[in-house]
1. Can you say whether I139 is surrounded by 15 or more Cβ atoms within 10 Å (Cβ to Cβ), out of contact with any Lys or Arg (no Cβ under 8 Å at 6 or more places or on another chain) and either touching a residue at least 60 places away in the same chain (Cβ under 8 Å) or part of a loop (DSSP other than H, G, I, E, B) (or both), as far as the supplied structure shows?
2. For the range 1-34, enumerate the residues that are assigned to a helix (DSSP H, G or I), of a type in the set (G, A, S) and surrounded by fewer than 16 Cβ atoms within 10 Å (Cβ to Cβ).
3. What residue, among those in the range 186-216 that are in a helix (DSSP H, G or I) and farther than 21 Å from I139 by Cβ, is nearest to the chain's Cα centre (by Cα)?
4. When you go through (1) in a strand (DSSP E or B); (2) out of contact with any strand residue (DSSP E or B) (no Cβ under 8 Å at 6 or more places or on another chain) one by one for C170, which number turns out not to apply?
5. Quick check on my filter: what residues within the range 176-190 are surrounded by fewer than 20 Cβ atoms within 10 Å (Cβ to Cβ) and out of contact with any Gly (no Cβ under 9 Å at 6 or more places or on another chain)?
6. Using the structure shown, decide if N110 is touching a residue at least 12 places away in the same chain (Cβ under 8 Å) and either touching a helix residue (DSSP H, G or I) at 6+ places or on another chain (Cβ under 8 Å) or buried (at least 18 other Cβ atoms within 10 Å of the Cβ) (or both).
7. Checking the structure you have, find out if any residue of the range 157-166 is under 24 Å from M284 (Cα atoms) and touching a Ser or Thr at 6+ places or on another chain (Cβ under 6 Å).
8. Which is under 20 Å from Q138 (Cβ atoms), outside any helix (DSSP H, G or I) and either at pLDDT 95 or above or touching a strand residue (DSSP E or B) at 6+ places or on another chain (Cβ under 7 Å) (or both), of V56, V45?
Amino acid sequence: MKKKILLTGGSGFIGRNIQESYLSDKYDIVAPTHREMDVADTASVDNFFAHKYFDVVLHTAVKPSHRAAIDRTNLLYTNVRMFENLERNRDKFGKFINFGSGAIYDVAQNNAGVTETDIYKNMGVDEHSFTKYIVHKQIDNLPNFYDLNIFGIFGKHEDYSIRFISNAICKSLFDMPITLRQNRRFSYLYVNDLMPILEWFIENEPKFKSYNITPDGFVELRDIANNVAKISGNSDIKIANNGYGLDYYGSNTRLRTEMPNVHFTPVEQAIAELYNWYSQNINMLDKQKLEKDR
């Protein structure tokens, strides 16, 4: 029998990619709509779990804090409550995989090659980082709960109006300048590469509670822009500020030790694949969303 997986946030960027991947054939993935289960509402979650059992929960749902979010109020309350609503039903599932963030290390700090042992050295002041800190402390003390620290991630279905790689690609398709505020060193995971990693976490018993889910090393935003320009032939790149912004990349040594055959698509190849996808789906793009940098 296929393992039964509960996926929260199924309509979001990562959730949609999970459902469109080979994991949907391998597993019985249940992705309830907001009407079927409001993860922020305790009674709704309790009612959903009544008489149900799942082998694994993939918790991708989040109230966003990015600059394009429609509502940024009550971020801490909502995101922590979503986690707690699921955790209180832990007798209804076997394993819990939380989609965390590099923000656990505090986005206001310079995070260059941080490792999982650096968690708790800083406690983020902003609500997003602080939420990750609180949730991770809970996970540390819960059996069969695991936290995946995802730094940058890109691919189809992300918000191309603000997410850098998709934004650069889509602007180039409309012959618009590729723009960035400042060059930075980033960890960027191609969303397709996430799926075999998720399969490993579903099928195996990890030794630790927390893992950086990131490719080797880092990539510079300026190099990404140059790569998009090379593919598209649009060489108009504008960088607002000189120098480097804060580093935001982690070490994947812990992940590679337990999953030595993990594969990461070279960023140039991943960008080319995503560029082709947007080229084939250009009619779905709204140029007006690209005309103002947010």
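The values are calculated or read from the model by the stated rules, or taken from the named source; none is laboratory data. Remember, predicted model here, so these are calculated numbers, not experimental data. Counting neighbours? That spans all protein chains shown, and the Cβs are built from the backbone with ideal geometry, glycine included.
1. Working: surrounded by 15 or more Cβ atoms within 10 Å (Cβ to Cβ): yes; out of contact with any Lys or Arg (no Cβ under 8 Å at 6 or more places or on another chain): no; either touching a residue at least 60 places away in the same chain (Cβ under 8 Å) or part of a loop (DSSP other than H, G, I, E, B) (or both): yes.
It is false that I139 is surrounded by 15 or more Cβ atoms within 10 Å (Cβ to Cβ), out of contact with any Lys or Arg (no Cβ under 8 Å at 6 or more places or on another chain) and either touching a residue at least 60 places away in the same chain (Cβ under 8 Å) or part of a loop (DSSP other than H, G, I, E, B) (or both).
2. S24
3. Filtering the range 186-216 for residues that are in a helix (DSSP H, G or I) and farther than 21 Å from I139 by Cβ, the one nearest to the chain's Cα centre (by Cα) comes out as V191.
4. (1)
5. Those that are surrounded by fewer than 20 Cβ atoms within 10 Å (Cβ to Cβ) and out of contact with any Gly (no Cβ under 9 Å at 6 or more places or on another chain): M176, P177, T179.
6. Taking the combined requirement at face value, the residue does not satisfy it.
7. Taking every residue of the range 157-166 in turn, at least one turns out to be under 24 Å from M284 (Cα atoms) and touching a Ser or Thr at 6+ places or on another chain (Cβ under 6 Å).
8. Just one listed residue meets the conditions, V56.
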